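The values are calculated or read from the model by the stated rules, or taken from the named source; none is laboratory data. Keep in mind that what you see is a predicted model, and the values were worked out from it rather than measured. Glycine gets a Cβ as well: all are built from the backbone with ideal geometry, and neighbour counts include every protein chain shown. Ligands, DNA and RNA are excluded from the accessible area calculation, which covers all protein heavy atoms including side chains. Shrake-Rupley method; radii C 1.70, N 1.55, O 1.52, S 1.80 Å.
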Amino acid sequence: MTTMKVLLIDDEQEFTGALAERLELRDYTVQTVDNGEDGLSAVENNPPHIVVLDLKMPGLSGIEVLKRIKSRHPDLPVLLLTGYGSTEDGIKGMQHGAFDYMMKPLNIDELIAKLQEAAGK
Amino acid sequence: MTANTDNRHPDPHVVFLGRVVASYSHEIRNILAIINESTGLMHDLLNLKKEELSGHAQRFTKTLEDIGQQIQRGQDLSTFLNTLAHAPDKEVGGVDIVHTMQTVFALSNRLLKNKKMGLCLEGKDIKLQVTTRPVECMHCFFCALEWAMTHSQADDEIVFQPLDSEQEVHINVSGWSLDPSTDANGLMTRLQDLVAALQGTCALQDKKLVITLPKQIES
């Protein structure tokens, strides 16, 4: 069975480092980048099966990254992460084509379930 | 009230405070997310090497559970803090009565504990949405709690009970045991002014303080 490739785009490197390790322990292949521009490059150069994207980053915003990914790869699932207390940003992201959104801090089992759901689509 | 084309609260100081607090709450969430993933990774690694760490695994597990509980506390606090921060986003908007009360109460837990008073929110699972002024509504609940605490003593349990009533919402505040006729701090006057600004009423009925708010404020 092909290992699922996940691209993590989040400017908090301690967060992505620990999360990447946890996913790799569960047999996922993970690439991490800490900004939107590198994230867009990674999508082109090393295509993932799913993108996990933080909404609030310096520079290119999560929503802008989402729009650009979906414009070139409409079938690539993008799971949004948001640290805000309200769900408005997540809902806005889904209106722009995100597969789903999750609030930080994450529950690893819920994340795995979302990744598997995305893989099944 | 000054005309406000972008629908935010008209006081720029309030808007500023909201934005600052929102930024702080977002940072808190990111910190908690890092702690959450780091401890989760420790859990995962401990499970892998259980036979090597058998003597210490229980201590690690207990410590990680304690950290997990603190993460949950911090998560709840930042959610409520974010609600507070976004209250000035709209001068008039939808307000979840129960969630707004929980937001106010969460910030008062330490003070209540120090005074050895309890606080109970009855009916916290009901969905009760009104259209009103979010900042003033939050301030009103805070003032009501402050009034109740001023008229309570140790071992009293203050009870807030929101009730749905067609075009209105009633909030019954009970459990305080001291004489309500004194208003040395002017809290009752302040509370009545706040409730009036929300086009509601506030009155003492037997051993209850009853706040009545319309479900739809008139602009």
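At the residue level, B:Cys120 shows approximately 40 square angstrom of accessible surface with a 1.4 angstrom probe and all protein chains present. Taking a Cβ cut-off of under 12 Å around B:Leu194, the surrounding Lys, Arg, Asp and Glu residues balance to a net charge of -1, with basic ones at +1 and acidic ones at -1.
Computed on chain B, with alpha-carbon pairs under 8 angstrom and 6+ residues apart, the relative contact order is 17 percent. Legend: residues in the range B:81-98 shielded by at least 30 square angstrom of accessible surface upon adding the remaining protein chains to the isolated chain (1.4 Å probe, heavy atoms) are B:Asn82.
What the range A:5-118 shows is 44 Å² of accessible area per residue, with the surface traced by a 1.4 Å probe over protein heavy atoms. When only alpha carbons are used to place a centre, the range B:136-209 and the range A:1-51 end up 52 Å from one another.
Taking only protein heavy atoms into account and a 1.4 Å probe, give the accessible area per residue of chain B in Å².
Per residue, chain B has 56 Å² of solvent-accessible surface.
Give me the residues in the range A:1-48 whose solvent-accessible area, probe 1.4 Å, is reduced by at least 50 Å² once all protein chains are included instead of the chain isolated. Buried on complex formation: A:Glu12, A:Phe15, A:Arg22, A:Leu25.
The value of relative contact order for chain A, using C-alpha pairs under 8 Å at least six residues apart, is 21 percent. Kindly state, to the nearest 0.05, the FRET efficiency for B:Thr150 paired with B:Glu27, given R0 = 41 Å and r defined as their beta-carbon distance. Step by step, r from the Cβ atoms, then E = 0.75.
When the other protein chains are added to the chain by itself, burial of at least 50 square angstrom of heavy-atom accessible area (probe 1.4 Å, ligands and nucleic acids ignored) affects these residues of the range A:94-108: A:Lys104, A:Pro105.
Using only Cα atoms, tell me the angle between helix B:97-106 and the longest principal axis of chain B; keep it within 0 to 90° and round to the nearest 10. The angle comes out at about 60 degrees.
Non-local lysine pairs in chain B, meaning eight or more places apart or on different chains, with alpha-carbon distances under 18 Å, amount to 5. Interface between chains B and A: roughly 1700 Å² of accessible area buried, both sides summed (probe 1.4 Å, protein heavy atoms only).
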